[in-house]
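Novice: What follows is a structure written as structure tokens; I'll ask about it next.
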Amino acid sequence: MKYKRVLLKLSGEALMGAQQFGIDQSVLDRYASEIEASVKRGVQIAVVVGGGNIFRGVQAESGGMERAQGDYMGMLATMINSMALQAALEKKGITTRLQSAIKMEQIAEPFIRRRAVRHLEKGRVVIFGAGTGNPYFTTDTAASLRAVEIHADVILKGTRVDGIYDKDPEKHSDAVRYQTLQYSEALIGNLQVMDMTAFALCQENRLPIIVFDMNRHGNLLKVIEGEEIGTLVR
């Protein structure tokens, strides 16, 4: 395996599948199977899931709600998705631990960096919920922060497209996919790999990012093995 400890970032919207809202169980089960295949190969996996399929603080702000209030609601949405992923993984016999940046003793451990690392060393999948625990930060930032804290080898950003393009491939048929990018190129081109805070964390800590198609069967394991799938930002 090229990467032994990875942070997998999944968007909440990806869990909707073909639905307009909520969680598509078939998508959830498919993602759980992809993670299971990698865990069985000895890979240490931590996961951060967004909450956009349920609630987004930025959208709430546009409707007149205070941004901080909306962001806290979005953190709770990530916990719903995290619990759903935990259940799907445990149904497959994978041992998991859910850690929350906001205290929720009845359903999750508090985030403790050393404990998270120990869980990974024991082969457990660690799911980080509730973002960073602070408003005005996205789950991309949470993923970057946790990846740095646990000394992950790479951030794997699973999306519905097969990498980073010079323009939106869903709107432009002539869009060109990048195989590799430097951090500076992504910034100058405003390619929106992640939000600026998350990207800066990765750049400062020299943490590579791979953006790939999570919906294609076997892609997660192939990326971890080192196959040139998606786009590598380094």
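Novice: Out of all the residues in the stretch 168-191, is one or more surrounded by fewer than 20 Cβ atoms within 10 Å (Cβ to Cβ), on the phi > 0 side of the Ramachandran plot, outside any strand (DSSP E or B) and modelled with pLDDT of 95 or more?
Specialist: no
Novice: What pairs come out if I take residues in the stretch 176-189 that are closer than 14 Å to ARG206 by Cα and pair them with residues that are charged (D, E, K, R) whose C-beta lies under 8 Å away, six or more apart or interchain?
Specialist: Every condition considered, the pairs that remain are LEU181/ARG234; GLN182/ARG234; TYR183/ARG234.
Novice: I need a count of the residues in the stretch 192-212 that are charged (D, E, K, R), touching a residue at least 40 places away in the same chain (Cβ under 8 Å) and part of a helix (DSSP H, G or I).
Specialist: 0
Residue-wise test of (1) hydroxyl-bearing (Ser, Thr, Tyr); (2) at pLDDT below 95; (3) touching a strand residue (DSSP E or B) at 6+ places or on another chain (Cβ under 6 Å).
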residue: MET1; (1), (2), (3): no, yes, no
residue: VAL6; (1), (2), (3): no, no, yes
residue: MET16; (1), (2), (3): no, yes, no
residue: ASP29; (1), (2), (3): no, no, no
residue: GLN44; (1), (2), (3): no, no, yes
residue: ALA60; (1), (2), (3): no, yes, no
residue: GLY70; (1), (2), (3): no, yes, no
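Novice: Please find, among MET75, MET65, MET104, the residue that is in a helix (DSSP H, G or I) and farther than 21 Å from LYS122 by Cβ.
Specialist: Result: MET75 is the single residue among MET75, MET65, MET104 that is in a helix (DSSP H, G or I) and farther than 21 Å from LYS122 by Cβ.
Novice: Would you point out the residue of the stretch 22-48, among those that are in a helix (DSSP H, G or I) and of a type in the set (Gly, Ala, Ser), that is surrounded by the fewest Cβ atoms within 10 Å (Cβ to Cβ)?
Specialist: The selected residue is SER26.
Novice: In the stretch 171-184, is there at least one residue being closer than 20 Å to ALA46 by Cα and charged (D, E, K, R)?
Specialist: Within the stretch 171-184, not a single residue is closer than 20 Å to ALA46 by Cα and charged (D, E, K, R).
The values are calculated or read from the model by the stated rules, or taken from the named source; none is laboratory data. Worth saying up front: this structure is predicted, and the values here are computed from it rather than measured. Neighbour counts are summed over all protein chains in view; Cβ atoms, including those assigned to glycine, are modelled from backbone coordinates with ideal geometry.
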